[in-house]
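Some notes on the structure that comes next.
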Amino acid sequence: MVRSQIGHGADLIKVYANYGTALCPTLAAGDAVSQYRGWKKGQDPEPKRIKQKRITFQQALDAGIIICAGGDVGVFPHGENARELMMMADYGMQPLDALRSATSINTDVFHLTDRGRIKVGLLADLVLVTGDPAQTIGSLQQVRRVMKGGIWYLP
């Protein structure tokens, strides 16, 4: 694993940039684990691990590194996947870019050319939310309906 050989931060970002590698930061996983270990988010100072993730994420943004979305769902409850995108925005990514990281960026990174965009002939699952997540990413937590395979479902 590259990370174990070079450490964190700026050195890691250089490797990502040199190889055109995408970063999947899994911010929400580290956040959840820190809270499970007793950190009271919003009350206690950020743990060193969280501060480092914030710094590395900002360095990746500044360097133009491809950032995809993953959250290691299972570390925190299923259905709370929006936590990752909300943290990406909180850490400095524009909300629309965070949305892209979970859709078109992920499909590009994983070479899934038949999905990830709303376009005739592509597979698409859609989520209808209250509000505009491109403006307020937290709107992703207000799911009204989901379309999967062309069929609408209630949450």
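The values are calculated or read from the model by the stated rules, or taken from the named source; none is laboratory data. Because the structure is predicted, anything quoted here is derived from the model rather than measured. Heads up, the Cβs are rebuilt from the backbone with ideal geometry, glycines too, and the neighbour counts pull from every protein chain shown.
I need the full set of residues from the range 2-28 which are at pLDDT below 65 and closer than 18 Å to R49 by Cβ, in order please.
If the condition is that a residue be at pLDDT below 65 and closer than 18 Å to R49 by Cβ, then R3, S4, I6, G7, H8 are the ones that fit.
Got a number for residues in the range 100-128 being within 18 Å of M86 (Cβ to Cβ), touching a strand residue (DSSP E or B) at 6+ places or on another chain (Cβ under 6 Å) and buried (at least 17 other Cβ atoms within 10 Å of the Cβ)?
The total comes to 1.
Here's the yes/no breakdown for (1) surrounded by fewer than 19 Cβ atoms within 10 Å (Cβ to Cβ); (2) free of Cβ contacts under 8 Å to residues at least 24 places away in the same chain:
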site: A10; (1), (2): yes, no
site: G20; (1), (2): yes, no
site: P25; (1), (2): no, no
site: A32; (1), (2): no, no
site: Q35; (1), (2): yes, yes
site: K40; (1), (2): yes, yes
site: K53; (1), (2): no, no
site: L85; (1), (2): no, no
